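Visitor: Quick one: the structure is below, questions incoming.
The values are calculated or read from the model by the stated rules, or taken from the named source; none is laboratory data. All figures in this text were calculated on a predicted structure; none of them were measured in a lab. Reconstructed Cβ throughout: ideal geometry from the backbone, glycine too, with neighbour counts over all protein chains shown.
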Amino acid sequence: MRVKRNSIHGQWSSRWAFILAATGSAVGLGNIWRFPYITGTYGGGAFVLVYILCVLLIAMPIMMAEIMLGRRGRRSPINTMYVLAEEENLNRSWSYLGWLGVVAGFLILSFYSVVAGWTLDYIFRAGSGAFTNVADTAIVSIFDGLLASPERLMVTHSLFMALTVIIVSMGVQSGLERAVKFLMPALFILLVIMVGYAMATPGFKEGFAYLFEPDFSKLTGEGMLAAMGQAFFSLSLGMGAIMTYGSYLPSNASIARTTFSIAVADTCVAILAGIAIFPLVFSYGLQPNSGPGLIFVTLPIAFGQMPYGQIVGTGFFVLLLFAAWTSSISLLEPAVAWLVENRDMSRPRAAGLAGLIAWILGIGSVLSFNDWQDIRLFDKTYFDIMDYLTSNIMLPLGGLLLAIFASWQMPRSSSVDELKIGHGLGYQTWRFLVRYLAPLGVLTIFLNAIGLI
Ligand code: TRP
């Protein structure tokens, strides 16, 4: 008989706490900053459709697999993969998959923290009324001015990293669970207000059509890869973050139902952000493909013109900062859990060390907007490379390998035992999706993007 494990790091107080924490991890800059700008880069509707298909058919089944492995292993991803491989008599090299995730986590956190820093900067700008009744061009130059200043970017990058380290130091339950409970609904409400505002602008029809009327002539292999990458990024999948959160999940919670709630909430927030932003893009004559600055230009223009815009704008960036915060902690947690388990470090020391590594890596992203902007590889800056490499390559690859491990390597009896949804149709559908459809989907999109099929 298999011995039931417990995590040395503690446990969520309930299934609901896990849903909140995992939703907090999933909902972040990925939904509100990255989804709109990537959608704009790849042409709108057709991209959105592929994105939703990737969430349903590839990401959700892999998310169930990731949570399941985490709960069964009850350790950091590296050790979870090791003990599960050992338990099932499989090759111990599967633990390298945990390492891939830890590295991806550092890389993502490094640039994530820089963008979260922009949010921090914008809280003060919106609060001081910098956007109120100024010309659109002035708002564009506010953003350009921020990017041109390495000093300002470093200050907010450092502050945000410190915030992340502090919460991770405090551990699984204190602080985090409580914060998410209030902030997520508040963010949701403000987004709905923004959607209401966007509906009243002249560009609403065009913006809505841009998002929901697929024009397949705009869909490229590269765009499909980006849609899949976005699905992994937005759901915090493929690098062990959700696995780590799963390792703190009580044994009796339903993995299928929690996955469903997280994915629905995450997708709704992304789509709402799209509906709030694209009408503004067209109303103000901006370009949908203007890149990472998209929301930092469109939204301030709207805040500058709407009644009570100063308050709404400040509130919005505060909530976005919190959304980013509840996500960034999940990027650091897997590495910290490993340091605590294997290096016998205290939580605060481990968090400090891991945060320092990500902070240093982030300096490259800070400089890629100014001093290093001409240092490029395949026309991509350091920041672009970090973003592309992690979202489009490392996360889907991690997810692919997780799916293979969970459905081809682990015996069926083990996944039946851990998922606790019986052997029926639900289980069989999941198994079919992780065993065949998700791996083939990821592979097809990879091969298609590099032009092989
Ligand atoms: N999902 C988060 C967002 O949308 C970012 C994030 C947190 C993440 N943890 C992750 C992305 C793990 C990939 C992997 O903002």
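Visitor: Kindly indicate the residue of the stretch 300-315 that is hydrophobic (A, V, I, L, M, F, W, C) and more than 14 Å from Gly203 (Cβ to Cβ) and also modelled with the lowest pLDDT among those meeting that condition.
Guide: Checking each candidate, the answer is Met306.
Visitor: Return the residue satisfying two criteria in turn: it lies in the stretch 255-276 and is under 15 Å from Ile62 (Cα atoms) and of a type in the set (Gly, Ala, Ser), and of such residues it is surrounded by the most Cβ atoms within 10 Å (Cβ to Cβ).
Guide: Only one residue tops the list, namely Ala263.
Visitor: Name every residue in the stretch 8-52 that is surrounded by 20 or more Cβ atoms within 10 Å (Cβ to Cβ) and not in a helix (DSSP H, G or I), in order of residue number.
Guide: The answer is His9, Trp12, Val27, Gly28, Tyr42, Gly43, Gly44.
Visitor: Select the helices (runs of 4 or more DSSP H) contained entirely in the stretch 339-453, then report the ones holding at least 1 residues which are more than 18 Å from Leu69 (Cβ to Cβ), touching a residue at least 40 places away in the same chain (Cβ under 8 Å) and more than 16 Å from the ligand (Cβ to nearest atom).
Guide: Those helices (runs of 4 or more DSSP H) span 347-367, 425-432, 438-449.
Visitor: Here is a check on your reading of the model: is Arg343 in contact with a His (Cβ under 9 Å, 6 or more places away or on another chain) and among the basic types (Lys, Arg)?
Guide: The answer is no for Arg343.
Visitor: Cβ-Cβ below 8 Å, separation at least six or inter-chain, first residue in the stretch 124-144 and at positive phi, second surrounded by 15 or more Cβ atoms within 10 Å (Cβ to Cβ) and at pLDDT below 95: which pairs?
Guide: If the second residue must be surrounded by 15 or more Cβ atoms within 10 Å (Cβ to Cβ) and at pLDDT below 95, the pairs left are Gly129/Gln310; Asn133/Gly304; Asn133/Gln305.
Visitor: At pLDDT below 95, more than 16 Å from the ligand (Cβ to nearest atom) and within 14 Å of Ser247 (Cα to Cα), is that true of Asn79?
Guide: no
Visitor: Let me ask something additional. Checking the condition modelled with pLDDT of 95 or more, within 18 Å of the chain's Cα centre (by Cα) and over 29 Å from Gln428 (Cα atoms), which residue from Leu29, Leu53 passes?
Guide: Leu29
Visitor: Is one or more of the residues making up the stretch 95-103 closer than 30 Å to Leu319 by Cβ, more than 16 Å from the ligand (Cβ to nearest atom), at pLDDT 95 or above and in a helix (DSSP H, G or I)?
Guide: Checking the stretch 95-103: not a single residue is closer than 30 Å to Leu319 by Cβ, more than 16 Å from the ligand (Cβ to nearest atom), at pLDDT 95 or above and in a helix (DSSP H, G or I).
Visitor: Being within 14 Å of the ligand (Cβ to nearest atom) and assigned to a loop (DSSP other than H, G, I, E, B) is the filter; apply it to the stretch 213-246 and report the residue that is farthest from Ala104 (Cα to Cα).
Guide: Within the stretch 213-246, the match that is farthest from Ala104 (Cα to Cα) is Leu235.
Visitor: I would also like to ask the following. Picking from Pro292, Pro300, Pro288, which residue would you name as being outside any helix (DSSP H, G or I) and touching a helix residue (DSSP H, G or I) at 6+ places or on another chain (Cβ under 8 Å)?
Guide: Criteria check complete, one pass: Pro288.
Visitor: Return the pairs, sorted by first residue and then second, in which the second residue is β-branched (Val, Ile, Thr), the first residue lies in the stretch 210-227 and is at pLDDT 95 or above, the beta carbons are less than 6 Å apart, and the residues are 6+ apart or on different chains.
Guide: Partner pairs satisfying both residue conditions: Leu211/Val48; Met224/Val50; Met224/Ile445; Leu225/Ile445; Ala226/Ile38; Ala227/Val50.
Rundown of residues vs (1) farther than 30 Å from Arg5 by Cα; (2) more than 17 Å from the chain's Cα centre (by Cα), yes/no style:
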residue	(1), (2)
Met228	yes, no
Asn252	no, yes
Thr267	yes, no
Tyr284	yes, yes
Gly291	yes, yes
Ile311	yes, yes
Gly315	yes, yes
Leu319	yes, no
Ser327	no, no
